[in-house]
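Novice: Below you'll find the structure I mean.
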Amino acid sequence: MNKIAKAGNSGKGVRSDCSVTLEITKSNGIEIALQSKVKVLYGESIVKLCNNILKFYNIKNAKVTIEDAGALDFVIAARIETAIRQCISTNKEYLPALISENKEHTTKERNRISRLYLPGNSPNFMLNAGVHKPNAIILDLEDSVAPSKKEEAQLLVRNALRQVNFYGAERMVRINQIPNGLNDLDYIIPHNVNLILVPKCESSEQIQKVNARIKDISKKYNIKNPVWLMPIIESALGVVNSYKIATAADNIAALAIGLEDYTADIGVRRTKEATESFFARSMVVNAARAAGIQPIDSVFSDIEDLEALKQNVLVSKGLGFEGMGCIHPRQIKVIHENYAPGIDEIEKAKKIVAAFNEAQEEGLGVVALGSKMIDAPVVKRALRTIDIAINFEIISNNWRKE
């Protein structure tokens, strides 16, 4: 174990973060040096937090230097804990309180039209993410985190799951590729994560490994809440096996496709027209629909070209996808507006639901709209259209009386 360790980020452009340097010494007690622009206001509380964490780990002699750039307590605590874990061998966790807003669970059928990716080791992106009202936020432990920062990110994401208010957005985490991603689960399953994204998934066996680990952790911590899975198909092999993956477990809520890695895997350049991925996207939609789960499209990487994003969403919706990932808050509004049902779709759904209700009231086993018979999947899809329209405030909850 190191006797001097460093964690976190500092320097020009760093906000809402801090850098912590820790040296375990043999004598002279605890010495804390704090550099912070808000030292006058918060210096005393930062030093108190640092002392509490050192005491928790029974460290009695140490030199600590904190370069603070406006970090909140959950960030400071994660950075100090990371440095401590580099210096001593311990399984203890210094956990901030789980705020009441983060105790909610989600359902398998919940809307996942927009999902905002947030780098797992960059707290400044996390703090206001929920204000933009995505359906979900994704705390990313995979591609957006440098290999040397993976352990730091695990603790920061753990603390964010407990402390950051995402204002009702579903709390998702993208773990690392299996098998490395199995270790990430220790830091997120006990902290009320709602959904796990399984990247670069190529087989049902990978899903079973993830669920086996979730089961072990849940048993250890007596966790009863559901943890949903969203495998991401990112290779030719994954596309071929997409239906087996989609049906690998009951807690798979959605199947997503990742086109950056997929196009690299088949040796082509990703284009805005996306003709090179038409087959793969159609396969993922078909597999998800056959399995009764949500098909979710890839992110659109050009954050400046919102018109191209709109056209991409319209094509995506036409293929059958129900949502997509986004990498910048400005993409959320475009995604919502163009995945949302149109007036014609809503009016048709209203008629189907009304016909269904009328048949139920009359005790009829068959539902008809005009001369056409309506089967159960059509009614279910109409109800979902109504739910989405209400969610986007296109119609009100009292639409039946209006």
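The values are calculated or read from the model by the stated rules, or taken from the named source; none is laboratory data. This structure is a prediction, so every number in the text was calculated from the model and none was measured. So basically every Cβ, Gly included, is an ideal-geometry build from the backbone, and we count neighbours across all protein chains shown. Please note that ligands, DNA and RNA were not included when accessible areas were found on the heavy atoms of the full protein model with its side chains. Shrake-Rupley method; radii C 1.70, N 1.55, O 1.52, S 1.80 Å.
Novice: Among the residues of segment 350-383, count how many are in a loop (DSSP other than H, G, I, E, B), open to solvent by 90 Å² or more (accessible area, probe 1.4 Å) and under 23 Å from GLU402 (Cα atoms).
Specialist: Qualifying residue count for the region: 1.
Novice: Just the residues that are open to solvent by less than 30 Å² (accessible area, probe 1.4 Å) and either among the hydroxyl-bearing types (Ser, Thr, Tyr) or over 30 Å from ARG270 (Cβ atoms) (or both), please, taken from segment 207-222. Spell out how you get there, then give the answer.
Specialist: We begin by selecting, within segment 207-222, every residue open to solvent by less than 30 Å² (accessible area, probe 1.4 Å); these are 207, 210, 214, 217-218.
Hits for segment 207-222 are ILE214, ILE217, SER218.
Novice: Condition first: closer than 18 Å to ASN135 by Cβ and part of a loop (DSSP other than H, G, I, E, B). Now tell me which residues in segment 212-242 satisfy that.
Specialist: If we filter segment 212-242 for residues that are closer than 18 Å to ASN135 by Cβ, which is where we start, we get 226-230, 232.
Correct list: PRO226, VAL227.
Novice: In segment 36-62, which residue that is under 25 Å from LYS12 (Cβ atoms) and either at pLDDT below 95 or over 34 Å from the mean Cα position of the chain (by Cα) (or both) is least open to solvent (accessible area, probe 1.4 Å)?
Specialist: The selected residue is GLY43.
Novice: Right, something else. Identify the residue in segment 353-402 that is in contact with a strand residue (DSSP E or B) (Cβ under 8 Å, 6 or more places away or on another chain) and in contact (Cβ under 8 Å) with a residue 12 or more places away in the chain and, among all such residues, is nearest to HIS132 (Cα to Cα).
Specialist: Ranking the qualifying residues of segment 353-402, first place goes to VAL379.
Novice: Go through the residues of segment 139-154 one by one and say whether even a single one is farther than 19 Å from PRO190 by Cβ and in contact with a Leu (Cβ under 6 Å, 6 or more places away or on another chain). Break it down stepwise before answering.
Specialist: At the first step, the residues of segment 139-154 found to be farther than 19 Å from PRO190 by Cβ are 140, 142-149.
Among the residues that remain, those that are also in contact with a Leu (Cβ under 6 Å, 6 or more places away or on another chain) are: none.
Scanning segment 139-154, I find no residue that is farther than 19 Å from PRO190 by Cβ and in contact with a Leu (Cβ under 6 Å, 6 or more places away or on another chain), so the answer is no.
Novice: Moving on to the next point. Name the strands (runs of 3 or more DSSP E) wholly inside segment 243-341 in which the number of residues that are open to solvent by less than 30 Å² (accessible area, probe 1.4 Å) and not small (Gly, Ala, Ser) is 3 or more.
Specialist: 294-297
Novice: Could you list all residues from segment 1-23 that are open to solvent by 20 Å² or more (accessible area, probe 1.4 Å), under 16 Å from LYS149 (Cα atoms) and not in a loop (DSSP other than H, G, I, E, B)?
Specialist: LYS6, THR21, listed by residue number.
Novice: Can you run down the residue pairs with Cβ atoms below 6 Å, 6 or more apart or on separate chains, where the first is in segment 246-268 and of a type in the set (D, E, K, R) and the partner is open to solvent by less than 60 Å² (accessible area, probe 1.4 Å) and not in a loop (DSSP other than H, G, I, E, B)?
Specialist: Final answer for the pair search is ASP265/ALA236.
Novice: A further question follows. Name every residue in segment 40-80 that is over 18 Å from GLN163 (Cα atoms) and part of a strand (DSSP E or B), in order of residue number.
Specialist: If the condition is that a residue be over 18 Å from GLN163 (Cα atoms) and part of a strand (DSSP E or B), then ALA62, LYS63, VAL64, THR65, ILE66, GLU67, ASP68, ALA69 are the ones that fit.
Novice: To continue, here is another question. Just to be sure, is VAL239 over 20 Å from ARG171 (Cα atoms) and touching a residue at least 24 places away in the same chain (Cβ under 8 Å)? Full working, then the answer.
Specialist: Details: over 20 Å from ARG171 (Cα atoms): yes; touching a residue at least 24 places away in the same chain (Cβ under 8 Å): yes.
Considered against the rule, which asks whether it is over 20 Å from ARG171 (Cα atoms) and touching a residue at least 24 places away in the same chain (Cβ under 8 Å), VAL239 comes out as yes.
Novice: Of the conditions (1) assigned to a strand (DSSP E or B); (2) within 21 Å of the chain's Cα centre (by Cα); (3) farther than 28 Å from ASN225 by Cα, ARG115 fails just one. Which one is it?
Specialist: Evaluating ARG115 over (1) assigned to a strand (DSSP E or B); (2) within 21 Å of the chain's Cα centre (by Cα); (3) farther than 28 Å from ASN225 by Cα leaves (3) as the failure.
Novice: I'm trying to understand the selection: among the residues of segment 83-118, which are surrounded by fewer than 15 Cβ atoms within 10 Å (Cβ to Cβ), under 15 Å from HIS191 (Cα atoms) and among the hydroxyl-bearing types (Ser, Thr, Tyr)?
Specialist: Selection gives SER100 alone.
Novice: Give me the pairs: first residue in segment 24-39 and assigned to a loop (DSSP other than H, G, I, E, B), second residue surrounded by 15 or more Cβ atoms within 10 Å (Cβ to Cβ) and at pLDDT 90 or above, beta-carbon distance under 7 Å, and six or more apart or on different chains, which are they?
Specialist: THR25/ALA62; THR25/LYS63; VAL38/GLY70
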